[in-house]
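Trainee: Starting off with a structure, shown below.
The values are calculated or read from the model by the stated rules, or taken from the named source; none is laboratory data. Bear in mind that the values here come from a model prediction, so they are computed numbers and not experimental data. Using ideal geometry, Cβ is built from the backbone for each residue, glycine included, and neighbour counts are taken over all protein chains shown. Surface areas here come from the heavy atoms of the whole protein model, side chains and all, with no ligands, DNA or RNA. Shrake-Rupley method; radii C 1.70, N 1.55, O 1.52, S 1.80 Å.
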Amino acid sequence: MIKINFSNSKIEKDIKEFDQNKIKKIDEMIVNKTGKGSDFLGWVDWPINFDKEEYQKMKEVAKKLRDEIEVLLVIGIGGSYLGARAADEMIRGLFPNDKVKLIYIGNTISSTYIHQVVEFLKDKEFGIANISKSGTTTEPGIAFRVFEKLLVDSKSKEIAKQRIVAVTDKAKGALKELATSEGYQTFTIPDDIGGRFSVFTPVGIFPLLVAGIDTDKLFEGSKQAYEDLKDINNSAYQYAVARYILNTKKGYKAETLVSYELQMQMFNEWWKQLFGESEGKDGVGLFPSSCVFSTDLHSLGQFIQEGTKNVLFETIIDIKKPSNDLKVPENKENLDGLNYLTKNSFHEINQTALKGVIDAHANSGDVPNIVIEFESMDAKMFGYAIYWFMKAVAMSGYLLDINPFNQPGVEIYKQNMFKLLKKPGY
Ligand code: PA5
């Protein structure tokens, strides 16, 4: 379901000549769970080993909730929300017709945003999926207080009990305690799966079920990727090798993930967290950034074409089949001179832009371009792509000789904030 093209990467030969023994050794570390951070490799076999009983239960709870609500508030931050949002937007698009809308909160402390959501919910039937592995993260914690109270006050404690679901650790953390004490339905995040690797656990699956997304297909995609990537000569590992060469041998410092579809923007955000948190430590790693073209060709395109060289390379996601397509309408007067485009569909024009931009950036601009082809933007493709990138980042992180599965650097700001806010014990 994914094809990769290195013909404009400027390192095709280096990729072919890369030490296959190194790849083999790292693959063994991933599969046998023997490398750094190996107690967080539960995601590797998850497409096969996921908890089928819990999945069935999630389907039942989600179905009941879907019948009752118009809005599901998805409360979570980082790995506890980006995957669900990336899937929701990639698969359903930006203006879904489905009766249930997902609104994301707990990903900001902005009073203005939270107030706007409170106002928006007036006269709406809503439920809450409160998602936090640690169960102690401040942003989702305080957001939950606001919306739990809103639900209890506007409905009743009994209705809140039916409409609030917690996704958290099986035993520890404030959220687990709170959910048990209030009698909220709880689903579990496995101990050995970190936030940014948790899309296929209840973290991603439960909200997507409530959104009416075909999660069976999503699992089907992840399982296919799991099988396809058993062979070490695979495109995900080649992508990891290409990034490693561009970074450590050619001196590039940043990668920008480019898509030509607006509904892929949150997929880009999920990807940025995956690579940024997994690799950015011990003074190494590529800075992950993202663009949506042609939108950003009218802003960042200038920098990419002619700005500082040897800093940034591009990885382009080329969606072969759009979810919908349309023609440019014919106009008799042709005052705007655009009738020459009426033989093309929008997608064909978009694909032409993609080809033209790769040529401009890679050849005239001397910016390496890697192209990753996705077949489509449906649930199966999403499942495949997520697993593909997770396998790629594991290889990529181990090539850099770091632990790709921890994120010690995100703790420092939290400690500072707790001290400043005078949290007991800090
Ligand atoms: O990927 C990660 O581990 C982080 O982004 C976490 O998901 C994020 O910090 C939220 O943590 P928690 O789920 O414990 O609230």
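Trainee: In the stretch 104-116, what residues are under 19 Å from the mean Cα position of the chain (by Cα) and open to solvent by 20 Å² or more (accessible area, probe 1.4 Å)?
Mentor: At the first step, the residues of the stretch 104-116 found to be under 19 Å from the mean Cα position of the chain (by Cα) are 104-108.
Scanning the stretch 104-116 gives 107, 108.
Trainee: Next question. Quick check on the stretch 166-194: of everything there that is within 19 Å of residue 48 (Cα to Cα) and open to solvent by 10 Å² or more (accessible area, probe 1.4 Å), which residue is nearest to the ligand (Cβ to nearest atom)?
Mentor: Quick first cut of the stretch 166-194, residues within 19 Å of residue 48 (Cα to Cα) only: 187-194.
If we keep only those that are open to solvent by 10 Å² or more (accessible area, probe 1.4 Å) as well, we get 188, 190-192, 194.
Values: 188: 13, 190: 13, 191: 12, 192: 13, 194: 5 Å.
This residue is 194.
Trainee: Anything in the stretch 138-155 that is of a type in the set (S, T, N, Q) and within 15 Å of the ligand (Cβ to nearest atom)? List them, or say none.
Mentor: Pass one, the stretch 138-155, residues of a type in the set (S, T, N, Q): 138, 154.
Across the stretch 138-155, the qualifying residue is only 138.
Trainee: Consider residue 396 carefully, then state whether it is open to solvent by less than 10 Å² (accessible area, probe 1.4 Å) and within 23 Å of residue 257 (Cα to Cα).
Mentor: Values: open to solvent by less than 10 Å² (accessible area, probe 1.4 Å): yes; within 23 Å of residue 257 (Cα to Cα): yes.
Considered against the rule, which asks whether it is open to solvent by less than 10 Å² (accessible area, probe 1.4 Å) and within 23 Å of residue 257 (Cα to Cα), residue 396 comes out as yes.
Trainee: Give 340, 252 a once-over and let me know the one that is of a type outside the set (Gly, Ala, Ser) and assigned to a loop (DSSP other than H, G, I, E, B). Talk me through it step by step, then tell me what you get.
Mentor: Working: 340 fails: assigned to a loop (DSSP other than H, G, I, E, B).
That would be 252, the only listed residue that is of a type outside the set (Gly, Ala, Ser) and assigned to a loop (DSSP other than H, G, I, E, B).
Trainee: Among the residues of the stretch 271-297, count how many are open to solvent by 20 Å² or more (accessible area, probe 1.4 Å) and either touching a Leu at 6+ places or on another chain (Cβ under 6 Å) or of a type in the set (Phe, Trp, Tyr) (or both).
Mentor: The total comes to 4.
Trainee: Let me ask something else. Among (1) modelled with pLDDT of 95 or more; (2) touching a helix residue (DSSP H, G or I) at 6+ places or on another chain (Cβ under 9 Å); (3) within 16 Å of the ligand (Cβ to nearest atom), which single condition is residue 135 missing?
Mentor: All conditions are met except number (1).
Trainee: Would the stretch 90-105 turn up any residue that is in contact with a Ser or Thr (Cβ under 8 Å, 6 or more places away or on another chain), within 27 Å of residue 193 (Cα to Cα) and within 16 Å of the ligand (Cβ to nearest atom)? Quick ask: steps written out before the conclusion?
Mentor: Initially, the stretch 90-105 is screened for residues in contact with a Ser or Thr (Cβ under 8 Å, 6 or more places away or on another chain), giving 93.
Filter once more, so that each one left must be within 27 Å of residue 193 (Cα to Cα): none.
No, the stretch 90-105 contains no residue that is in contact with a Ser or Thr (Cβ under 8 Å, 6 or more places away or on another chain), within 27 Å of residue 193 (Cα to Cα) and within 16 Å of the ligand (Cβ to nearest atom).
Trainee: Going by the conditions given, is residue 174 over 22 Å from the mean Cα position of the chain (by Cα) and among the hydrophobic types (A, V, I, L, M, F, W, C)? Show your work before the answer.
Mentor: Details: over 22 Å from the mean Cα position of the chain (by Cα): yes; among the hydrophobic types (A, V, I, L, M, F, W, C): yes.
Considered against the rule, which asks whether it is over 22 Å from the mean Cα position of the chain (by Cα) and among the hydrophobic types (A, V, I, L, M, F, W, C), residue 174 comes out as yes.
Trainee: Turning to a different aspect of this structure: It is to be established whether one or more residues within the stretch 321-328 are out of contact with any Ser or Thr (no Cβ under 9 Å at 6 or more places or on another chain), open to solvent by 80 Å² or more (accessible area, probe 1.4 Å) and assigned by TED's automatic domain parsing to the domain that holds residue 388. Talk me through it step by step, then tell me what you get.
Mentor: From the stretch 321-328, those out of contact with any Ser or Thr (no Cβ under 9 Å at 6 or more places or on another chain) are 324; that's our starting set.
In the following step, the residues that additionally are open to solvent by 80 Å² or more (accessible area, probe 1.4 Å) were identified as 324.
Among the residues that remain, those that are also assigned by TED's automatic domain parsing to the domain that holds residue 388 are: 324.
Scanning the stretch 321-328 turns up at least one residue that is out of contact with any Ser or Thr (no Cβ under 9 Å at 6 or more places or on another chain), open to solvent by 80 Å² or more (accessible area, probe 1.4 Å) and assigned by TED's automatic domain parsing to the domain that holds residue 388.
Trainee: Sticking with this one: Going by the conditions given, is residue 48 within 16 Å of the ligand (Cβ to nearest atom), within 30 Å of residue 30 (Cα to Cα) and either open to solvent by 30 Å² or more (accessible area, probe 1.4 Å) or among the polar types (S, T, N, Q) (or both)?
Mentor: Values: within 16 Å of the ligand (Cβ to nearest atom): no; within 30 Å of residue 30 (Cα to Cα): yes; either open to solvent by 30 Å² or more (accessible area, probe 1.4 Å) or among the polar types (S, T, N, Q) (or both): yes.
Answer is no for this residue.
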